[in-house]
Amino acid sequence: MSTQFNHHRLDAFTVAREALRDGEKLCLQLPRGNATLADQVRRALLHAYLGIAEAASRAGADRQSRFRTALGEASEAAAGLEAVVMLGLAPADKVQPVIELLGRLCAMLTRLAG
């Protein structure tokens, strides 16, 4: 990719991309009958990822607000994945690495949101 956007310079964007990729793989492996939960997790991961890109192109209070929204989405994705484990839909050792990525992402977004 030759074009460099503002969000490409953020470590948070890289972490969000990893979480989106790995979370998608997990969602695809959930047992049938869990489409609602899988969809919720997917949407939260995608909104966090896209929200970071949007925030990176903003300034001031608008930028902080967008990072706070992305933080909320990342937290929602983590809670959804915790539910996956709690409900026994996937083994904890498969889900925990994504939850840890989201924990890192939330820490980064908390700082970016000021």
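Annotations for the structure displayed:
- Output for the range 81-95, where each listed residue is out of contact with any helix residue (DSSP H, G or I) (no Cβ under 7 Å at 6 or more places or on another chain) and surrounded by 15 or more Cβ atoms within 10 Å (Cβ to Cβ): 89
- Residue within the range 76-85 that is of a type in the set (Asp, Glu), more than 14 Å from the chain's Cα centre (by Cα) and modelled with pLDDT of 95 or more present: no
- Unique match (being closer than 19 Å to residue 12 by Cβ and touching a Ser or Thr at 6+ places or on another chain (Cβ under 7 Å)) among 71, 50: 71
- Lone unmet requirement of (1) open to solvent by 20 Å² or more (accessible area, probe 1.4 Å); (2) part of a helix (DSSP H, G or I) for residue 78: (1)
- Pair list, Cβ < 8 Å and 6+ apart or interchain, from the range 1-23 residues that are in a helix (DSSP H, G or I) to residues that are open to solvent by less than 100 Å² (accessible area, probe 1.4 Å) and of a type in the set (Lys, Arg): 23/42
- Number of the condition not met by residue 32 [criteria: (1) in a helix (DSSP H, G or I); (2) open to solvent by 70 Å² or more (accessible area, probe 1.4 Å)]: (1)
- Failed condition for residue 39, given (1) loosely packed, with under 15 Cβ neighbours inside 10 Å; (2) part of a loop (DSSP other than H, G, I, E, B); (3) modelled with pLDDT of 95 or more; (4) of a type outside the set (Gly, Ala, Ser): (2)
Residue-wise test of (1) of a type in the set (Val, Ile, Thr); (2) out of contact with any Leu (no Cβ under 7 Å at 6 or more places or on another chain).
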| site | (1), (2) |
| --- | --- |
| 29 | no, yes |
| 33 | no, yes |
| 36 | yes, yes |
| 41 | yes, no |
| 44 | no, yes |
| 47 | no, yes |
| 52 | yes, no |
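- Unique match (being in a helix (DSSP H, G or I) and either among the acidic types (Asp, Glu) or in contact with an Asp or Glu (Cβ under 6 Å, 6 or more places away or on another chain) (or both)) among 61, 83, 44: 44
- Scanning the range 61-109 for residues that are among the polar types (S, T, N, Q) and closer than 15 Å to residue 41 by Cα gives 75, 96.
- If you go through the range 1-26 and pick out every residue that is polar (S, T, N, Q) and open to solvent by 100 Å² or more (accessible area, probe 1.4 Å), you end up with 2.
- When residue 40 is tested against the conditions (1) in contact with a Gly (Cβ under 8 Å, 6 or more places away or on another chain); (2) under 21 Å from residue 110 (Cβ atoms), the lone failure is (2).
The values are calculated or read from the model by the stated rules, or taken from the named source; none is laboratory data. Quick caveat: nothing in here was measured; it's all calculated off a predicted structure. Please note: Cβ atoms are built from the backbone with ideal geometry, for glycine as well, and neighbour counts cover all protein chains shown. When the accessible area is computed, the model is the full protein with side chains, heavy atoms only, and any ligands, DNA or RNA have been set aside. Shrake-Rupley method; radii C 1.70, N 1.55, O 1.52, S 1.80 Å.
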